[in-house]
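Presented below is the structure to which this report refers.
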Amino acid sequence: NAGVTQTPKFQVLKTGQSMTLQCAQDMNHEYMSWYRQDPGMGLRLIHYSVGAGITDQGEVPNGYNVSRSTTEDFPLRLLSAAPSQTSVYFCASRSRDRVHEQFFGPGTRLTVL
Amino acid sequence: GEDVEQSLFLSVREGDSSVINCTYTDSSSTYLYWYKQEPGAGLQLLTYIFSNMDMKQDQRLTVLLNKKDKHLSLRIADTQTGDSAIYFCAESRYTGGFKTIFGAGTRLFVKA
């Protein structure tokens, strides 16, 4: 099992550009989430999904869109990048049967100039 | 409100015990967690404890939970240089969906 994979590892954008951060998991987990990690702060939830076709907003959803067309994939779209979105982004997944075990991807470090 | 707080830094000597502390505010928390993050990597679940337990031991790791004071601690026995990392405390509760709140992380430095 590859676990949770994320691409790219690093990305630099200019203000106003859009892009998609990819996330995939091969564990057949129902739940997937996107977090951002900023210095001196804990991870904050952006969006999450409890199954294919179902998504919902987390704590800091503004400026981001998600979709869940398959169980495996959960891409995060930045619509119009802003410097405030400079952060490290983590995707995570867990099984509905073991909700306390959340598996994280290696992260995408995004810089918006 | 929902808040998880932990000190930002801890420095110990190799071979000593490390104790990382955390406080949380939500008394309806179901699970409490400790995650480890090494440089350039994602978070790795170290251990977790159900809210109806007060202690859990797993090899060198001991988790203590004081529900009355809403205080969680992680003790690492015989700390090694490989334990140098950021340790995140987190708590979860079920509110229609499963929500996890993370602390800001404690950076552990282990001096040889």
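Can you give the charge dipole size of chain B about its Cα centre, rounded to the nearest 20 debye, using +1 on the beta carbon of Lys and Arg and -1 on the beta carbon of Asp and Glu?
Values: 12 positive and 13 negative charges, 15 e Å.
Roughly 80 debye for chain B.
Report, as an integer, the average count of C-beta atoms from other chains found within 10 Å of each Cβ along A:101-107. Numbers along the way, then the final one.
Values: counts 4, 9, 4, 7, 3, 3, 5.
That works out to 5 on average.
Starting from the Cα coordinates of region A:1-80, work out the convex hull volume and express it per residue in Å³.
Numbers: hull volume 8.2 nm³, N = 80.
Measuring per residue, one finds 102 Å³ for the Cα hull of region A:1-80.
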Requested in this report: Pairs of Cα atoms under 8 Å, at least six residues apart: use those to get the relative contact order of chain B, whole percent.
Outcome: 37 percent
Query raised in the report: Just the Cα atoms of chain B, one point each, no solvent: what log10 I(q)/I(0) does Debye give at q = 0.11, 0.12, 0.21 Å⁻¹?
Result: -0.32, -0.38, -1.13
Requested in this report: Would you work out which of B:ASN66, B:SER84, B:THR100 lies farthest towards the positive end of the dipole of the protein assembly as shown? Charges go on Cβ: Lys and Arg +1, Asp and Glu -1.
Outcome: B:SER84
Query - Proxy reagent accessibility, fewest Cβ within 10 Å first, across A:HIS47, A:HIS100, B:HIS71 - result: B:HIS71, A:HIS100, A:HIS47
Report summary line: Mean per-residue count of partner chain Cβ within 10 Å for B:38-44 equals 5
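Note down the net charge around B:SER11, summing +1 for each Lys or Arg and -1 for each Asp or Glu among other residues with Cβ under 13 Å from its Cβ.
Numbers: positive: B:ARG13, B:ARG107, B:LYS111; negative: B:GLU14, B:ASP16, B:ASP83.
Here the charged neighbours net out to 0.
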Report task. Summarise the long-distance tail of P(r) for region B:1-62 by giving the % of C-alpha pairs beyond 17 Å. Result -> 53 percent
Report task. Please get the size of the charge dipole for the protein assembly as shown, origin at its Cα centre, with Cβ charges of +1 on Lys and Arg and -1 on Asp and Glu, quoted in debye to the nearest 20. Result -> 300 debye
Report task. From other protein chains only, count the Cβ atoms within 10 Å of every residue's Cβ in A:89-97, then give the mean. Result -> 1
**Report entry** About the Cα centre, charge dipole magnitude for chain A (Lys/Arg +1, Asp/Glu -1 at Cβ), debye
**Finding:** 320 debye
Report task. Run the numbers on chain A and let me know its relative contact order in percent, using alpha-carbon pairs under 8 Å that are six or more apart. Result -> 35 percent
Query raised in the report: For the charge dipole of chain A, defined by +1 on Lys and Arg C-beta atoms and -1 on Asp and Glu C-beta atoms about the Cα centroid, which residue among A:GLN25, A:VAL99, A:LEU43 has the Cα displaced farthest towards the positive pole?
Result: A:LEU43
Report task. Would you kindly compute the Cα radius of gyration of the protein assembly as shown and its largest Cα-Cα separation (Dmax), both in Å? Result -> 17.6, 51
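May I ask for the net charge around B:LEU45, where only other residues with Cβ less than 9 Å from the Cβ of B:LEU45 are counted and Lys, Arg are +1 while Asp, Glu are -1?
Details: positive: B:LYS36; negative: A:GLU101.
Value of the local net charge: 0.
Can you sort B:ASP16, B:ASP26, B:ASP58 by how many other beta carbons sit within 10 Å, fewest first? Could the numbers behind the result be given before it?
Working: B:ASP16 13, B:ASP26 17, B:ASP58 10.
By the 10 Å Cβ count, ascending, the order reads B:ASP58, B:ASP16, B:ASP26.
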Query raised in the report: Taking neighbour counts of Cβ atoms within 10 Å as a proxy for exposure, in what order, fewest first, do B:LEU45, B:LEU74 appear?
Result: B:LEU45, B:LEU74
**Report entry** Environment charge of A:ASP56, counting only residues whose C-beta is closer than 11 Å and scoring Lys/Arg +1, Asp/Glu -1
**Finding:** +2
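Every number in this text was worked out from the coordinates using simple rules, so none of it is lab data. These numbers were taken from a predicted model, which means no experiment stands behind them. Quick reminder, even Gly has a Cβ in these numbers, built from the backbone with ideal geometry, and neighbours come from all protein chains shown.
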